[in-house]
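A short worksheet on the structure shown next.
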Amino acid sequence: MAIDRDALSWYEASARQRVDALLDTGSFAEFLGPEERRMSPHLPLFDLPRAFDDGVVVGRGRLDGRPVLVAAQEGRFMGGAFGEVHGAKLVGLLRAAREIKPAAVLILFDTGGVRLQEANAGETAIAETMRAIAEVRADGVPVIGLIGGRAGAYGGGGLIAGTCSRLAVSEGGRISVSGPEVIETNKGAEEFDSRDRALVWRTMGGKHRRLTGGADAFCADSVSAFREAARALIGRAPAFDLATLEAEHARLRNRLEEFGDCRDATEVWARLGVNDPDAVPAMDARAFDETVAGVGGANHDAR
Amino acid sequence: MTLAEILASLFPGGHAVTVADGLVSGEGPFAGGRLHVIGVDGDTPLGIEGALALAGRVLDAVRACDRSPILVAVDSDSQRMSRRDELLGLNEYLAHLAKALLLADRSGHPTVGLIYGHSAAGAFIATALATRVLAALPGANPSVMDLPSVARVTKLPLDTLTEMARSTPVFAPGLDNMVAAGAVHAVLDPGKSLAEQVGALIAGLADGDARDRLGAERGGRPVAAEIADRVAERARGA
């Protein structure tokens, strides 16, 4: 049965549903799929259930007829966190990309970061992933991150996202290093009230990241919107070289100078020139895109 | 070893490395040329300003085009945990620093990490773990998260976790476990010249990322290298 990309919510879909619907119909072939049962060797020590794919789907497929490699994290298994097998599957995929030279590598993020039960393996895999992305990009292959799952892109996932050539986000796609609960646990509810969901969305959510240049495209919550964004972003991936990193340096320095004294995202948006910052959270994708077009700095090649 | 002792052993003839607000930067004469040094000292958390400043030093070195090695000395806290850092996009600032180090390495500046104190989580990934080869000094204490926090998240009793940590390197904090995972390549001898030992590391740099192989050899990451190879094999297949 053909999947209706327009009707499928990215946020609600599983990793496998996202991949199947994102790519050209029927083109996806998985590597080391669940039938091979390469599960975590460590979770049994903690009496925790395992997943046959360790929470990540990797393989090849086509987007508009062009070959791509793709990895999709499953946020519903251990928060999409990086364990040993999970991380190694992504690393292997990226290493292969250097030889195969696909049109792009697509990473469908849905992760809370490192899986604490396998913390050292997960942390090291994140470092290996970032090195591999730098190499793949330097070889001229775009690495595109798509972020709109329930677990967001937190912890090391946020750092990997920042290493990609381009990022597409939806409203639900939060990008951050320390999560709200982690900040609250360590610094108190006065610093960050993790139960204040509106605060979480406007501090770490897709709209804020898009407005401030932390992401390159904003998507409605459908697979077709992410597919359109991925197609567009592949064609305009920045190089991985000194010029790009110098431009990124200037961009991040300017952000610090312009917004370093802001307490809340609404102050940042007002300073960017958004007429009615309080209206941003309720905007649909079309109205939001018009708002983005009206402010400077959201579009750049400095990543 | 303290940072001052480390610098004295690296640069017996003196150096121009300074520490301000917990950020280390400068250079000194090394092996007939020079060695750039950046880093974090004094268990300082790494926030947006610090990451940007360190990345700036790395990009300066790349721009100078002298192919001098870069040492990243680390005794940090985790990333700075605050609403403001996240509001302004800490993930981009930390990734920017890591990318600068990865670019430097690709541009002919060998990057060597040296962890001599603590480091954790995102700060560890953006600094020491973004180098080509990571060395440690005895007494270093890298971690992802401390055991009491792991206990909170995993809802396991701290006593149980402490007991498990003795036999299970894959999740437990500490230098030995990071060595077993392959994240730390070598532990240096503080009684011998660090200039010579760091020089030997640079001379022996191999191509590629050997960390998963090291993790397999040392038993801290039993399956990662094989899984990565298997996926790459399938990807190469028709």
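The values are calculated or read from the model by the stated rules, or taken from the named source; none is laboratory data. The structure displayed is predicted, hence computed values, not measured ones. Every residue, glycine among them, receives a Cβ derived from its backbone with ideal geometry; neighbour counts consider all protein chains shown.
Restricting attention to region A:75-93, and to residues there that are at the interface with another protein chain (Cβ under 9 Å from one of its Cβ atoms) and among the aliphatic types (A, V, I, L, M), which single residue is surrounded by the fewest Cβ atoms within 10 Å (Cβ to Cβ)?
Result: A:90.
One line per residue, one yes/no per condition, for (1) out of contact with any Cys (no Cβ under 6 Å at 6 or more places or on another chain); (2) within 7 Å of another protein chain (Cβ to nearest Cβ); (3) surrounded by fewer than 13 Cβ atoms within 10 Å (Cβ to Cβ); (4) within 18 Å of residue B:100 (Cα to Cα):
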position	(1), (2), (3), (4)
A:242	yes, yes, no, yes
A:247	yes, no, no, yes
A:253	yes, yes, no, yes
A:256	yes, yes, no, no
A:263	yes, no, yes, no
A:275	yes, no, yes, no
A:278	yes, no, yes, no
A:281	yes, no, no, no
A:284	yes, no, yes, no
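Taking the stated definitions as given, is residue A:65 under 19 Å from the mean Cα position of the chain (by Cα) and modelled with pLDDT of 95 or more?
no
I need the full set of residues from region B:69-105 which are assigned to a helix (DSSP H, G or I), more than 8 Å from chain A (Cβ to nearest Cβ) and of a type outside the set (Gly, Ala, Ser), in order please.
Selection gives B:97, B:101, B:105.
Quick check on my filter: what residues within region A:192-203 are in a loop (DSSP other than H, G, I, E, B) and either in contact with a helix residue (DSSP H, G or I) (Cβ under 6 Å, 6 or more places away or on another chain) or not charged (D, E, K, R) (or both)?
Of everything in region A:192-203, those that are in a loop (DSSP other than H, G, I, E, B) and either in contact with a helix residue (DSSP H, G or I) (Cβ under 6 Å, 6 or more places away or on another chain) or not charged (D, E, K, R) (or both) turn out to be A:192, A:194.
Would you be able to say whether some residue in region A:95-111 is part of a helix (DSSP H, G or I), over 18 Å from residue A:154 (Cα atoms) and more than 7 Å from every other protein chain (Cβ to nearest Cβ)?
The answer is yes; a qualifying residue exists.
I need every pair where a residue in region B:188-202 that is more than 20 Å from residue B:176 (Cα to Cα) has its Cβ under 7 Å from the Cβ of a residue that is of a type in the set (Phe, Trp, Tyr) and outside any loop (DSSP other than H, G, I, E, B), sequence separation at least 6 or different chains.
Within 7 Å, the pairs are B:195/B:30.
Within the bounds of region A:43-58, is there any residue that is in a helix (DSSP H, G or I) and acidic (Asp, Glu)?
No: region A:43-58 contains no residue that is in a helix (DSSP H, G or I) and acidic (Asp, Glu).
Filter region A:30-74 down to the residues that are surrounded by fewer than 23 Cβ atoms within 10 Å (Cβ to Cβ) and over 21 Å from residue B:226 (Cβ atoms) and list them by number.
A:46, A:47, A:48, A:49, A:61, A:62, A:63, A:64, A:65, A:66, A:67
Within region A:165-187, restricting attention to residues that are over 9 Å from the mean Cα position of the chain (by Cα), part of a loop (DSSP other than H, G, I, E, B) and within 12 Å of chain B (Cβ to nearest Cβ), which residue is surrounded by the most Cβ atoms within 10 Å (Cβ to Cβ)?
A:177
Looking only at region A:27-42, filter to residues that are aliphatic (A, V, I, L, M) and either within 24 Å of residue B:172 (Cα to Cα) or outside any loop (DSSP other than H, G, I, E, B) (or both); which one of those is farthest from the chain's Cα centre (by Cα)?
A:39
Being without any contact (Cβ under 8 Å) to a residue 40 or more places away in the chain and either surrounded by fewer than 24 Cβ atoms within 10 Å (Cβ to Cβ) or farther than 24 Å from residue A:260 by Cβ (or both) is true for just one of B:120, B:64, B:104. Which residue is that?
Of the residues listed, the single one that is without any contact (Cβ under 8 Å) to a residue 40 or more places away in the chain and either surrounded by fewer than 24 Cβ atoms within 10 Å (Cβ to Cβ) or farther than 24 Å from residue A:260 by Cβ (or both) is B:64.
Can you find a residue in region A:197-206 that is among the hydrophobic types (A, V, I, L, M, F, W, C), surrounded by 14 or more Cβ atoms within 10 Å (Cβ to Cβ) and more than 11 Å from every other protein chain (Cβ to nearest Cβ)?
Taking every residue of region A:197-206 in turn, at least one turns out to be among the hydrophobic types (A, V, I, L, M, F, W, C), surrounded by 14 or more Cβ atoms within 10 Å (Cβ to Cβ) and more than 11 Å from every other protein chain (Cβ to nearest Cβ).
Within region B:20-43, work out how many residues are buried (at least 24 other Cβ atoms within 10 Å of the Cβ), in contact with a Gly (Cβ under 7 Å, 6 or more places away or on another chain) and under 15 Å from residue B:3 (Cα atoms).
Counting residues in region B:20-43 that are buried (at least 24 other Cβ atoms within 10 Å of the Cβ), in contact with a Gly (Cβ under 7 Å, 6 or more places away or on another chain) and under 15 Å from residue B:3 (Cα atoms) gives 3.
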